[in-house]
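So that we are looking at the same thing, I have put the structure below in structure tokens.
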Amino acid sequence: MTPPRVAVVGGGISGLTAAHRLRVLLGADARITVVEQTDRLGGKIRTAEVAGRRYDVGAEAYLVRRPEVTALLDELGITGVAHPTAARSTVRAGGVTRPIPGGTVMGVPADPAAVKDLLSDAGLRRVAAEAALPPVDLDGDAPLGALLRDRFGDELPDRLVDPLLGGVYAGGVDGLGLRATLPAIAGALDAGARTLTEAAAKALPKPTSRPVFGTLAGGLSALVDRLAGSADVRLGTTVRALARTEHGWRLTLGANAPAHAPADPVLDVDAVVLAVPAPAARKLLADVAPVAAAAYGRVEVASMAVVALALPEGTELPGTSGVLLGARERRLDGTPFAVKAFTFSASKWAHLGGETVVVRGSVGRHRDPGALRADDDELVRLVRADLVELTGVTAPPVDALVTRWGGGLPQYAAGHADLVDEIERAVDALPGLAVAGATLHGVGIPACIGTGEAAARRVAAHVRAPATG
């Protein structure tokens, strides 16, 4: 028999996971090709060298309570997992930096007392009054910002929920949907909770001694590097078109530079996994799955940048893991901050302590490019100015690195789950095609791995079907 041939379009963590699982399921003889448009693998995972040390300048951690990453690391024999220190995270609320409170579900309090230090007296009274409002009428999904403002007023979403969600989606509370971003709250409402406060109380995670986050001490790219060995990788190669053939699928390839020009501009395969951002998926599916393409086209995306600063050894940072900022926070001169968050990595992760003191500033929000318009040198200057105002740290960096992430961060608006259902039903009707990636069921590393696993299993079942029928 001819060995099965599968193309995986997209070399981020979703696509690489799919390639790995396909190799396991289809065996050593299978021809698995990963086609990646850029000159590197990993997508939003990137470990760079900053002041001579390995440092993650994309995704920096994963949720431990989800099993996908731990299971994959164990399977691959990758060790060196690290967890954050006990340093607390903070938020800039109303011009003051305070600890992020416990007793909330992504900022929605189970008890108004949990957020009393972040709000004005009037804001706290508004939050406390939510329990006496008529029951939440959740018909399907709801725009999150509108719901929170209607129930709690503006201060709680602006000062706490928006900064927390901005750190996950690079988007604001007013552009996101309830079910996709706060599924535990939505589930509690579906189960009978009358108010958001009651829903938060029911959805509040039980206390545990387990760490919430994990990472790899040597950088998350170690996972990328290990997965990359599962397939033939073609970097700098663009899939310009996708079409069905009598026996499978045809990919028309192009190159971003002459050095990457494919020897054959056509790749014929038995099956395809698309693991690309929404705009690319929309283009590739336009002819073969127009309903799915249209749904992908309704997903908006955000851009952001990570500015890594290595400060001189001995630089003193606040004894916290970092600070989040809402979109409406302002500097003392009334201008917006360039950053939406700082991570004090040298405090947050024990393995990054000592030597130079590493810090990362995150810049960019959905529909608000702000400081992203600046060139790299100016962006570093702006981020340093924010660091001075927020912490008083004036030490000039011994090294700095700007890493830009353009248009790849999906926004989970109201109705996102229905949109994803449209995509998956349309794709399921096409034998030998599957989709994966952050657009679907979550933007974190575990969720992306989960979509890659599911896509690989779907494709492998199709490829193996003739041999078992």
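Given the condition under 26 Å from Glu300 (Cβ atoms), in contact with a strand residue (DSSP E or B) (Cβ under 9 Å, 6 or more places away or on another chain) and among the acidic types (Asp, Glu), answer yes or no: does some residue in the range 133-149 qualify? First the steps, then the outcome.
Taking the range 133-149 first, the residues under 26 Å from Glu300 (Cβ atoms) are 136, 138-149.
When the remaining residues are screened for being in contact with a strand residue (DSSP E or B) (Cβ under 9 Å, 6 or more places away or on another chain), the result is 141-144, 148.
Remaining after also requiring among the acidic types (Asp, Glu): 141.
So far as the range 133-149 goes, yes, one or more of its residues are under 26 Å from Glu300 (Cβ atoms), in contact with a strand residue (DSSP E or B) (Cβ under 9 Å, 6 or more places away or on another chain) and among the acidic types (Asp, Glu).
Here are some residues: Asp399, Asp418, Asp386. Which one is buried (at least 20 other Cβ atoms within 10 Å of the Cβ), acidic (Asp, Glu) and in contact (Cβ under 8 Å) with a residue 12 or more places away in the chain?
From the options Asp399, Asp418, Asp386, the qualifying one is Asp386.
I need the full set of residues from the range 308-362 which are touching a helix residue (DSSP H, G or I) at 6+ places or on another chain (Cβ under 6 Å) and assigned to a helix (DSSP H, G or I), in order please.
Ser345, Ala346, Leu352
Pull out all pairs, ordered by first then second residue, where Cβ-Cβ is under 8 Å, the residues are six or more apart or on different chains, the first lies in the range 196-225 and is modelled with pLDDT of 95 or more, and the second is among the charged types (D, E, K, R) and assigned to a loop (DSSP other than H, G, I, E, B).
Sorted first by the residue in the range 196-225, then by its partner, the pairs are Thr197/Asp111; Ala201/Asp111; Thr215/Glu60; Leu220/Glu60; Ser221/Arg46.
Of the conditions (1) in contact with a helix residue (DSSP H, G or I) (Cβ under 7 Å, 6 or more places away or on another chain); (2) more than 27 Å from Glu329 (Cα to Cα), Thr79 fails just one. Which one is it?
(1)
Asp174 is checked against (1) out of contact with any Gly (no Cβ under 6 Å at 6 or more places or on another chain); (2) surrounded by fewer than 22 Cβ atoms within 10 Å (Cβ to Cβ); (3) modelled with pLDDT under 95 and fails just one. What number does that condition carry?
It fails just one condition, (1).
Of everything in the range 102-125 that's buried (at least 19 other Cβ atoms within 10 Å of the Cβ) and over 19 Å from Ala191 (Cα atoms), which residue is nearest to the chain's Cα centre (by Cα)?
Filtering the range 102-125 for residues that are buried (at least 19 other Cβ atoms within 10 Å of the Cβ) and over 19 Å from Ala191 (Cα atoms), the one nearest to the chain's Cα centre (by Cα) comes out as Gly107.
Here's something else I'd like to know. Of everything in the range 170-227, what is out of contact with any His (no Cβ under 9 Å at 6 or more places or on another chain) and closer than 30 Å to Arg40 by Cα? Give them in sequence order.
Leu216, Gly219, Leu220, Ser221, Ala222, Leu223, Val224, Asp225
Would you call Gly334 within 30 Å of Val161 (Cβ to Cβ) and without any contact (Cβ under 8 Å) to a residue 24 or more places away in the chain?
Criteria met by Gly334.
So if I check each of Tyr62, Tyr55, which one is within 19 Å of Ala447 (Cβ to Cβ) and either among the hydroxyl-bearing types (Ser, Thr, Tyr) or outside the structural domain of Gly319 (by TED's automatic domain parsing) (or both)?
Result of the check over Tyr62, Tyr55: Tyr62.
Of Leu196, Leu133, Leu156, Leu148, which residue is of a type in the set (A, V, I, L, M) and under 24 Å from Pro410 (Cβ atoms)?
After applying the criteria, what remains is Leu148.
Can you spot a residue in the range 375-393 that is under 30 Å from Glu68 (Cα atoms) and modelled with pLDDT of 95 or more? Walk me through how you get there before you give the answer.
Start the filter on the range 375-393 by keeping residues that are under 30 Å from Glu68 (Cα atoms), which leaves none.
No: the range 375-393 contains no residue that is under 30 Å from Glu68 (Cα atoms) and modelled with pLDDT of 95 or more.
Which residues, taken from the range 296-332, are over 14 Å from Thr391 (Cβ atoms), modelled with pLDDT under 95 and out of contact with any Gly (no Cβ under 9 Å at 6 or more places or on another chain)?
Gly314, Arg328
The values are calculated or read from the model by the stated rules, or taken from the named source; none is laboratory data. As the structure is a prediction and not an experimental result, all values here were calculated from the model. Every residue, glycine among them, receives a Cβ derived from its backbone with ideal geometry; neighbour counts consider all protein chains shown.
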